[in-house]
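Student: I have a structure I would like to understand better, so I am pasting it below and will then ask my questions one at a time.
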Amino acid sequence: MVRSTLNVSSISEGFVLDHIQAGKSMEIYRQLNLDELDCCVAIIKNAESGKMGKKDIIKIECPIDRIDLNVLGFIDHNITVNIIKDEKIVEKMSLQLPKEIKNVVTCKNPRCITSIEQGLDQVFVLTDPAKEVYRCKYCEEKY
Amino acid sequence: MRHLMSPLDFTTEELDSLMDLAEDIEKNPKKYAHACEGKKLATLFYEPSTRTRLSHEAAMLNLGGSILGFSSADSSSAAKGESVSDTIRTVSCYADICAMRHPKEGAPMVAVRHAGIPVINAGDGGHQHPTQTLTDLLTIRQLKGHLDNMVIGLCGDLKFGRTVHSLIHALVRYPGISFILISPEELRLPGYIRSDVLDQLGIPYKEVVRLEDALPSLDLLYMTRVQKERFFNEEDYVRMKDFYILDARKMELAPKDMYVLHPLPRVNEIAVEVDDDPRAAYFRQVQYGVYIRMALILTLLEIKV
């Protein structure tokens with residue numbers, strides 16, 4: 001059997017987001033607004049993983065204060081975030097559920113004020129950390 | 001600056017103070033007759049309401065203040081497409097306090113972000129109606145003398161009835177409260193309130209369909225209307241609207257001190273003959289609604305008498 005390998009060179013400063021559920025990398029790319037970033041981003045899909053079978057990986061080469069990774073905890077808190085400086089992992093960040101997320105998801109309640117008020121941010125607040133429940137800040141609809 | 005968005009914005013101690021003030025207003029109305037002289041209340045009502053708007057206006061007038069506002073979205077700039085944010089910024093220049101009713105849930109919360117004056121949520125869709133809850137709490141306290149250790153029957157539309165949801169949230173903060181939830185299967189209390197509030201806090205409750213089964217064991221019965229405006233389907237509404245009718249014969253099954261409350265307006269769910277029963281407290285509830293709103297206006301405007 002021929003094993004397929006794909007090498008993406010190491011980065012000097014930035015992030016490696018590892019153990020992303022296979023197929024989820026593009027969603028994360030969008031949620032982190034990486035398309036707006038003027039830097040090198042590598043997306044590796046369906047990489048082999050002993051733990052997960054298949055996984056996605058995203059490598060982002062940028063100053064580490066450039067990206068707010070808070071939202072990752074909301075998308076999937078099992079993702080491993082490696083912070084890279086001088087081509088070395090200087091920190092493995094553990095993800096937590098963010099207390100509040102802004103403009104990541106939209107309220108599905110047709111009676112919510114966010115459905116008509118112009119320029120209003122879509123804000124969801126963590127109301128039950130144990131059950132990972134987020135509710136719309138305005139109408140309290142569960143996400 | 002303080003606002004009222006949810007009945008839970010006040011601690012039980014703060015609620016006690018508010019209700020003490022309302023009680024003093026009831027006993028000594030003259031003492032408060034000029035408390036808000038020179039102050040203006042704006043009533044911003046984007047959907048029709050008789051009781052809530054008039055009750056807020058009566059409260060401000062009783063305090064010697066003035067009122068201004070609109071009573072439907074059609075007669076405001078909302079009809080021209082103005083946002084809630086812009087309206088509240090404008091109204092903040094005209095009035096000292098405002099009460100807002102809006103069909104969209106969370107609209108008063110948007111107003112708070114831009115308001116230069118205290119905002120009272122006077123009802124936002126099926127979400128919250130905190131001044132009704134404050135009214136209910138004051139009525140119960142004045143009639144029963146306490147807010148704890150009671151079996152409370154909630155009857156009718158428990159699914160869409162925001163007054164019921166708010167009242168449950170408010171009452172579970174007092175010890176010894178249990179509920180009998182009386183509704184047809186289709187209008188049961190939403191699962192998230194049963195699991196997240198009642199089950200989680202260990203509040204005893206049972207669900208029944210027949211009102212007669214619950215009446216003998218109740219300390220208080222809270223009736224609600226099946227609200228036509230919450231149904232998307234006319235057929236479902238017609239099928240549900242006369243499911244419960246409390247009449248004099250059913251009242252015979254209830255204890256002598258079981259008061260009947262209703263947020264009003266009623267349609268058919270309480271027969272007119274019940275009005276003469278001394279336990280029918282829904283019109284006294286309306287009066288208490290004015291007293292608690294007077295107390296609320298004074299508290300939010302930080303006026304001490």
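Rule-based calculations on the coordinates, nothing more; no lab input. Bear in mind the structure is a predicted one, so any value in this text is a computation, not a measurement. Quick reminder, even Gly has a Cβ in these numbers, built from the backbone with ideal geometry, and neighbours come from all protein chains shown.
Student: How shielded is A:114-127 by partner chains, expressed as the average number of their Cβ atoms within 10 Å of its Cβ atoms?
Tutor: Shielding by partners across A:114-127 averages 3.
Student: Assuming a viscosity of 0.890 mPa s and a temperature of 25 °C, what translational diffusion coefficient in µm² per second does Stokes-Einstein assign to the stretch B:1-151, Rh being the Kirkwood radius over Cα pairs?
Tutor: This corresponds to a translational diffusion coefficient of 152 µm²/s.
Student: First select every other residue whose beta carbon is under 12 angstrom from the beta carbon of B:S77; then total the charges, Lys and Arg +1, Asp and Glu -1.
Tutor: Net of charged neighbours comes to -1.
Student: Report the longest stretch of chain B that contains none of the trypsin sites (Lys or Arg not before Pro) sitting in a DSSP loop with at most 13 other Cβ atoms within 10 Å.
Tutor: My reading of the result: B:3-209 is the longest stretch.
Student: Under 23 Å between alpha carbons, and skipping anything fewer than 8 positions from B:K80 in its own chain: which lysines qualify?
Tutor: Within reach: B:K104.
Student: Quick one: which residues, 5+ away or cross-chain, put their amide H under 5 Å from the amide H of A:S49? H built at 1.01 Å from N.
Tutor: A:K54, A:K55
Student: Separate question: Give the cross-link partners of A:K51 among the aspartates and glutamates, using a straight C-alpha distance below 14 Å as the criterion and excluding same-chain residues fewer than 8 apart.
Tutor: A:D18
Student: Lone cysteines in the protein assembly as shown, going by a 4.7 Å Cβ-Cβ cut-off?
Tutor: Cysteines lacking a close Cβ partner in the protein assembly as shown: A:C40, B:C36, B:C93, B:C98, B:C155.
Student: OK, next. Which value, in nm² and rounded to one decimal, describes the direction-averaged projected area of the C-alpha convex hull of chain B?
Tutor: Dividing the Cα hull surface by four gives the mean projection, 15.5 nm².
Student: So how far, in whole Å, is the C-alpha centre of the stretch A:78-111 from the one of the stretch B:158-211?
Tutor: Each part's Cα centre sits 37 Å from the other's.
Student: If the viscosity is 1.306 mPa s and the temperature 10 °C, what Stokes-Einstein diffusion coefficient in µm²/s follows for the stretch B:131-285 when Rh is the Kirkwood radius over Cα pairs?
Tutor: After rounding, the answer is 102 µm²/s.
Student: Over the whole of B:77-88, what's the average partner chain Cβ count within 10 Å per residue? Rounded to a whole number, please.
Tutor: Across the residues of B:77-88, the mean count of other-chain Cβ atoms within 10 Å is 2.
Student: For a quick check of your reading of the filter: which chymotrypsin sites (Phe, Trp or Tyr not before Pro) in the stretch B:1-89 sit in a DSSP loop and have no more than 16 other Cβ atoms within 10 Å?
Tutor: Within the stretch B:1-89, no chymotrypsin sites (Phe, Trp or Tyr not before Pro) qualify (loop, at most 16 other Cβ atoms within 10 Å).
Student: Take every DSSP beta bridge with both residues inside the stretch B:118-245 and express the antiparallel ones as a percent of the total, to the nearest 5.
Tutor: 5 percent
Student: Ignoring the sites themselves, what is the longest stretch of chain A with no GluC sites (Glu not before Pro) in a DSSP loop and at most 13 other beta-carbon atoms within 10 Å?
Tutor: A:1-86
Student: What list do you get for B:D9, A:D18 if you sort them by fewest beta carbons within 10 Å?
Tutor: Fewest-to-most Cβ neighbours within 10 Å comes out as B:D9, A:D18.
Student: How much of the DSSP bridge set in the protein assembly as shown is antiparallel, in percent, rounded to the nearest 5?
Tutor: 50 percent
Student: Express in nm, to one decimal, how much length is gained between B:Q287 and B:E235 on full extension, taking 0.36 nm for each residue of separation and deducting their alpha carbon distance.
Tutor: 15.2 nm
Student: Now for a separate question. Could you derive backbone 3J(HN,Hα) for the stretch A:126-143 from the dihedral phi with the Karplus parameters 6.51, -1.76 and 1.60 (θ = phi - 60°), listing whole Hz in sequence and x where the residue is Gly or Pro?
Tutor: Per-residue couplings from phi come out as 6, 9, 9, x, 5, 9, 6, 9, 10, 10, 4, 4, 8, 9, 6, 5, 6, 7 Hz.
Student: Evaluate Rg over Rh across the stretch B:61-127, taking Cα atoms for both radii and Kirkwood's formula for Rh.
Tutor: Expressed as Rg/Rh, it is 0.95.
Student: For the residues B:T90, B:T135, A:T127, B:T43, what sequence is obtained by ranking on other C-beta atoms within 10 Å, fewest first?
Tutor: Ordered by Cβ neighbours within 10 Å, fewest first: B:T90, A:T127, B:T43, B:T135.
Student: If a paramagnetic tag sat 7 Å from the Cα of B:E186 along the Cα-Cβ line, which residues of the stretch B:156-170 would have the backbone N under 19 Å from that point?
Tutor: Taking a point 7 Å out along Cα→Cβ of B:E186, the residues of the stretch B:156-170 whose backbone N falls under 19 Å are B:156-162.
Student: Further question: What chymotrypsin sites (Phe, Trp or Tyr not before Pro) does the stretch B:159-233 have in DSSP loop regions with at most 15 other beta carbons within 10 Å?
Tutor: Qualifying residues, ordered by number: B:F232.
Student: Moving to a separate point now. Can you list which of the GluC sites (Glu not before Pro) found in the stretch B:37-121 are DSSP loop residues with at most 16 other C-beta atoms within 10 Å?
Tutor: Passing sites in the stretch B:37-121 are B:E37, B:E82.
Student: Follow-up question, since we're still on this one. Please order B:H169, B:H127 by the number of other Cβ within 10 Å, starting at the fewest.
Tutor: B:H169, B:H127
Student: State which helices in chain B qualify, where a helix is a whole DSSP H run, it must extend 15 Å or more along its own axis by its Cα atoms, and its mean Kyte-Doolittle hydropathy must be at least 0.0.
Tutor: B:282-300
Student: Shifting gears a bit: Could you work out the longest stretch of chain A that avoids the trypsin sites (Lys or Arg not before Pro) located in DSSP loops with at most 15 other Cβ atoms within 10 Å?
Tutor: Longest run free of exposed loop sites: A:4-50.
Student: Let me check the size of the protein assembly as shown from its C-alpha atoms; what are the radius of gyration and Dmax in Å?
Tutor: Rg then Dmax for the protein assembly as shown, in Å: 27.0, 94.
Student: I've got another one for you. With both partners inside chain B, how many of the DSSP beta bridges are antiparallel, as a percent to the nearest 5?
Tutor: 5 percent
Student: Let me ask something else about it. Please give me the summed charge of the neighbours of B:S183: other residues whose Cβ is under 10 Å from its Cβ, Lys and Arg +1, Asp and Glu -1.
Tutor: With Lys, Arg at +1 and Asp, Glu at -1, the neighbours total -2.
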